[in-house]
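Read-outs throughout are calculated quantities, based only on the coordinates presented, and are distinct from any laboratory measurement. Predicted model, so just to flag it, every value in this text is computed and none were measured. Reconstructed Cβ throughout: ideal geometry from the backbone, glycine too, with neighbour counts over all protein chains shown.
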Amino acid sequence: MHSRWSDAEAARCVERWAPRRGEALALRTYTSRLLGAEPDLVLHGGGNTSLEGSVRDLFGEEVPALLIKASGGDLASIEPEGHVAVRLEPLRRWPELAADLDDETAEREMRALLVDPGAPTPSIEAPVHAVLPGRYVDHTHADAVLALTNRPGGEEAVRAALGDGVAVLPYVTPGHPLAKAVAAALAEEPGARAMVWMHHGLVTWGGTARESYELTIELVSRAEAALAAEARAGRGRGGAGFVSRWSAAERTGGRRAPEEASPGRTGESAETATEVGPVPSLAEIDRRLAAAAPVLRGLLASPSGDPDRPWRRVVVRALTDPAVLAFLDAPGARELAVSPPLTGDHLIRTRPLPVWVDGLPFDDPDRMRERLAAAVDAWAGDYRAYVERHRRLLPPGAEPFDPRPRVVLVPGLGALCAGTTCREAEIARDIAAQTLAVKAHCAAAGVAYRGLADEHLFAMEYRPLQLAKLRRAAEPPLAGTVALVTGAAGAIGAGVSEALADAGAAVALTDLAGEALDDLERDLRDRFPGRILATPLDVTAPASVAAGFAAVARAWGGIDLVVVNAGLAHVSTLEEMDPEAFRRLERVNVEGTLLVLREAARLLRRQGTGGDVVLVSTKNVFSPGASFGAYSATKAAAHQLARIASLELAPLDVRVNMVAPDAVFGHGDRRSGLWAAVGPDRMRARGLDEAGLEAYYRDRNLLKARVTAHHVGRAVVFFATRQTPTTGATLPVDGGLPDATPR
Ligand code: ZN
């Protein structure tokens, strides 16, 4: 691992933050971010850093304070305010307390020591940082260090790799108990310059931000070098297919190429290819993933007890890179892979163990479901037994988690990782990638892997402070819901997509490939990171529809809500109708609706957790307009298909409803395509300009309302959130048009 320190960058950080919070904290923020930038050191809120400083009290006197990362903060993006000030002197005395403080007491007592009582809660490790020497303290969960600690004889392996001056502690519960153990270790080894906590991580300290940071890098590099050496020596022992991501460390001076640095990308593909059997082609992996993911996603959903929204769904993110596949396919991989995670704070994301499903018949949907269901059930049984074994450790008031795995390992496919939202699934996936890489190393080097003991796993999984990380502010109503919108790049499609994303859904934008789709993706991706995906889809081509649905299933595991919105308009009297123009509308508005409904039904059936379909219909179905025959007739056919779908899909708990807007002119800068086709003619016919025509439509409804794409979006959200037990119904969004009332 190389140091990312840059004098120029450090100076820029001082320039930026020192005026606000002082130079010491500016540099603390800078090196915290350097640690956070390295997925091999910390992932998603893991690790913590601190600075010993002082704050001025009411009397103008300097009070010694520990500036420590707030609980739940992320080092990668931390701001100076992300370190909260805790009065140092009392905190430093905590190890004198004979009895261990439980999490709740520790949290309350730490909050009582906050200089600003309104500040966020400090990291649970604050008492540990308080007893460590050095003005700056850096704590990480470095993979390379954990690869050494998590094995039989781990303490010796750490000492041999990291050399003198590094104290090694057995596993101790983080928080107050760890602070006591650290204080005792320092009393015994006052010359220590760093510490390794078994099955937990590394901590370094120093007089300056750079010193402490560089020491972390130095020790991690030493660990990497030791791993590289044992990987080379162990080659052949571990069996073909096992590749250590550290085996190249010496050749590259411990530095991995940037493209290798992302989680799950372990590189070494050239060597892998010569050592293992044929890895399935990318296209084959895609096919398997699209087939398996929705079935698995359905099995991982848990019953909610709410008849309107009976499932708590998950999002599934897959890890299918060649190194993971090679590892899972190698002999003996199962024993190694089905073992605890690298460090305790991964548990709430991954659960104590992954589930292993081999021999999955990807071409036989029924048998595939059976096998997946059996594996998930067996895992659930084991999990319940584990909860029973440790029930006495369950904090008061805490309920056992839903007994379903979060990481599913499938040889020939990869690791499928689940979370209740896109973000949670992404975190589970990143953690799984790091975990599998360390375990693959153990196999390559021929060393055993040993994770935390069962009771420590349980204690960490059900720690009140860990549980608090999962209890976020109320989730938006569609969090964890995956939506697919056709014709998303049009005005109504964009408005609906935006409304769904606002309500928390992951939204797949589909339309014909082109600039309009790309622009919308860019707009929404920035506002809803990780929850927007654009995929080209031509509703008139069955293969394209199937491919679009499959792409979404691969990205998020499945689909819960399909908004059938793509449509075309054409202005002509019947007398003058060009049959080819009529057929064009038929293909998009009727056949397109049919093909999307057909694919939705197939996917929702495989998933088995119900779903919703909303058709964007039109007021013209009920109140057609002259010269608008092709549109009114084809939309009426689409509307009827949706009603049929409501009959056919009700047994699957799939609700199908319609929204019937009156003319929508545009959405932001986006003009409605529908409108572009009819606006000019209508203006000419009525002798109006654009504003005049808009006013004409507004004035013809009872409420004198301008109908917008936002309104249509809200109507879709109404159905998608299942506020009422309704299917086969039409919600007019037209300001009140008596002759267009559904009848
Ligand atoms: Zn830690």
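A few comments on the model shown:
- Sorted largest first, the spans of the alpha carbon positions of region 64-148 along the three principal axes are 36, 32, 25 Å.
- E694 versus R602: modelled label distance in nm, points set 7 Å from Cα along the beta carbon direction: 4.3 nm
- For region 196-210, putting each phi into the Karplus relation 6.51 cos²θ - 1.76 cosθ + 1.60 with θ = phi - 60° gives couplings of 10, 9, 4, 6, 9, x, 10, 9, 10, 8, x, x, 10, 4, 5 Hz, in residue order, rounded to whole numbers and with x for Gly and Pro.
- Rule-of-thumb Rg ratio for region 675-723 [Cα; 2.2 N^0.38 Å; N residues]: 1.47
- Within a straight-line Cα-Cα reach of under 21 Å, K635 can be paired with the following lysines, leaving aside sequence neighbours fewer than 8 residues apart in one chain: K619.
- The chain: angle of helix 7-21 to the longest principal axis, Cα-based, in degrees nearest 10: 80 degrees
- Distribution of pairwise C-alpha distances over the chain, 10 Å bins, in %: 3, 13, 21, 21, 17, 13, 8, 3, 1, 0
- Normalised Debye scattering of region 318-373 at q = 0.17, 0.18, 0.19 Å⁻¹ gives log10 I(q)/I(0) of -0.73, -0.80, -0.87, counting only Cα atoms as equal scatterers and leaving out solvent.
- Selected from G175, V552, S221, residue furthest toward positive end of dipole (the chain; charges at beta carbon): V552
- All C-alpha pair distances within region 399-452, sorted into 10 Å bins from zero, spread as 21, 43, 29, 7, 0 percent across the bins.
- Taken along its principal axes, the alpha carbon cloud of region 611-743 reaches lengths of 51, 27, 27 Å, longest axis first.
- With a cut-off of 14 Å between beta carbons, the residues surrounding W205 carry a summed charge of -3, where Lys and Arg count +1 and Asp and Glu -1.
- Only helices enter this figure: runs of n ≥ 4 DSSP H residues, each worth -39500 (n - 2.57), summed and divided by the residues of the chain, yield -14000 deg cm²/dmol at 222 nm to the nearest 500.
- Least to most buried among T435, T421, T724 (fewest other Cβ within 10 Å first): T724, T421, T435
- Within-10-Å neighbourhood charge of V654 [Cβ basis; K, R +1; D, E -1]: -2
- Measuring between their Cα centroids, region 562-618 and region 275-338 lie 32 Å from each other.
- Exposure proxy ranking, count of Cβ atoms within 10 Å, fewest first, for V438, V86: V438, V86
- In this simple spin-label approximation, A541 and R4 carry label points 7 Å from Cα along the Cα→Cβ vector, and these lie 4.1 nm apart.
- Computed from Cα positions, the angle between helix 673-686 and the longest principal axis of the chain comes to roughly 30 degrees.
- Cβ-derived FRET efficiency at R0 41 Å, R108 paired with R287, nearest 0.05: 0.15
- Ordering L703, L35, L25 by the number of other Cβ atoms within 10 Å of each residue's own Cβ, fewest first, gives L703, L25, L35.
- Cα Rg, Dmax, region 601-655, angstrom units: 13.9, 44
- Contact order normalised by residue count of the chain, Cα under 8 Å, 6+ apart, percent: 10 percent
- In degrees, nearest ten, helix 690-699 long axis to first principal axis of the chain (Cα): 80 degrees
- Region 360-465 - Kirkwood radius from inverse mean 1/r over Cα pairs (Å): 16.1 Å
- Loop-located GluC sites (Glu not before Pro) in region 30-95 (DSSP state not H, G, I, E or B) with no more than 10 neighbouring Cβ atoms inside 10 Å: E61.
- Label-point separation, R159 to E370 (7 Å along Cα→Cβ), nm: 5.5 nm
- Three-way shape label, region 469-567, alpha-carbon gyration tensor, a/c 1.5: prolate
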